[in-house]
1. Quick one: which residues, 5+ away or cross-chain, put their amide H under 5 Å from the amide H of residue 30? H built at 1.01 Å from N.
2. Using θ = phi - 60° and the Karplus relation 6.51 cos²θ - 1.76 cosθ + 1.60, list the HN-Hα couplings for segment 143-160 in order, rounded to whole Hz, with x at every Gly or Pro.
3. Report the paramagnetic label zone for residue 63: residues of segment 35-49 whose backbone N is under 18 Å from a point 7 Å from Cα along the Cα-to-Cβ axis.
4. List the residues, sorted by chain then number, that are 5 or more residues from residue 76 or on another chain and whose placed amide H is less than 5 Å from its amide H.
5. Which of the peptides 76-88, 150-162, 46-58 is most tightly packed, and how do the rest follow, going by the mean number of other Cβ atoms within 10 Å of each residue?
6. With label points built 7 Å along Cα→Cβ from the Cα atoms of residue 74 and residue 145, find their separation and express it in nm.
7. Amide H of residue 119: which non-local residues (sequence gap of 5 or more, or other chain) have their own amide H closer than 5 Å, using H built in the peptide plane?
8. Can you put 172, 300 in order, fewest other beta carbons within 10 Å first?
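Throughout, read-outs are computed from the coordinates displayed, never taken from laboratory work. Since the model is a prediction, treat every value here as computed from it, not as a measurement. In this analysis, Cβ positions are derived from the backbone assuming ideal geometry, glycine residues included, and neighbour counts consider all displayed protein chains.
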Amino acid sequence: MTQNSNMEKPGTGRFSGSVPPGAHRNHIAAVTGCDSGFGHKLAKLLSEMGAQVFAGVLDLNGAGAQQLREHGSEGLQVLQLDVTDRSQVQMAHQHICAQVGDAGLWALVNNAGILHCPVDVELHPMSVYRRCMEVNFLAAVNMCQVFLPLLRRSRGRVVNVCSLAGDVPIPTYAAYGASKAALSIFSKVMRLELSAWGVRVAVVQPTGFRTNIFGNSDNLNRYRDEILSGISSEAREDYGEPYISSLLGRLSQMPGLVSEDLGPVVDDMCHALLAVRPRAVYGPGALGWLLPFLHRWCPTAAFDAIISKAFKHDCEPAGLRRTP
């Protein structure tokens, strides 16, 4: 994973099956959230490039972990790593320290994250706000603090996976968006502070891509129970169970509405890790540049109208339907 002055621009498919010249095992990466999605694909790709990869997974016996073990690369190690479990983070750190020695760690990719169910601000239980902050923000902060001594040693890279929802206000994404916004500003401050150490920090904020973050039918039933048991009687009456159920139904439909090609995100991750001059912020995916542009430059009323229409839901809360 040496730096390559001929690196192509992100999003061009540069890394979709070719190996950058000079990639070798002297560069070592730790990636969280490798059970599936972006982390899973990135871990495989980096190992194919010749890098040594420590792939953290939530379920060491799950299908994703098994697929990584079967990938056939000696440089790809699968580690048990619940990023919210400080003891597991410390164990992973000790294992990696023993492996890398004086070489240090070239890259830390904080990819692990959760979404829960996008619902109105008032409907999210406080436990969901706390859980999103714990997984999407505080766990990444802890990972950075634990691994930064190794990264400083190699003058390496940190890549934090944020979200368009952390840059642009999107209806029903308050809990997820707030946690990703916190990670985004933390990353930008860290970029300024660590530049003196030669450590580069980049933010990758994807738009809509098909990963397991949307959950399954068991998750949906649990989300419904959490929401209905946590809201006040007034909110239950004003919003109505049909409206709440329709939000859960929309979440189940989302995988079919977003891109299944994870290549643009993984391309940008690789560019952030390998380019001589990585970008500070990457926005892979449709609308990745347009919505932030509109948010920054449109009058507030105009932007609010655009975003509300773009994310308009067919079912209205019961209280709004009763309004004359």
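1. 54, 107, 108, 109
2. Residue by residue, segment 143-160 yields 4, 4, 4, 5, 9, 4, x, 5, 6, 5, 4, 9, 6, x, 10, 10, 10, 10 Hz.
3. 35-42, 44
4. 53
5. Working: 76-88: 17.7, 150-162: 22.8, 46-58: 24.6.
Highest mean packing first, the order is 46-58, 150-162, 76-88.
6. Those two pseudo-labels are separated by 3.8 nm.
7. Long-range HN contacts for residue 119: 174.
8. 300, 172
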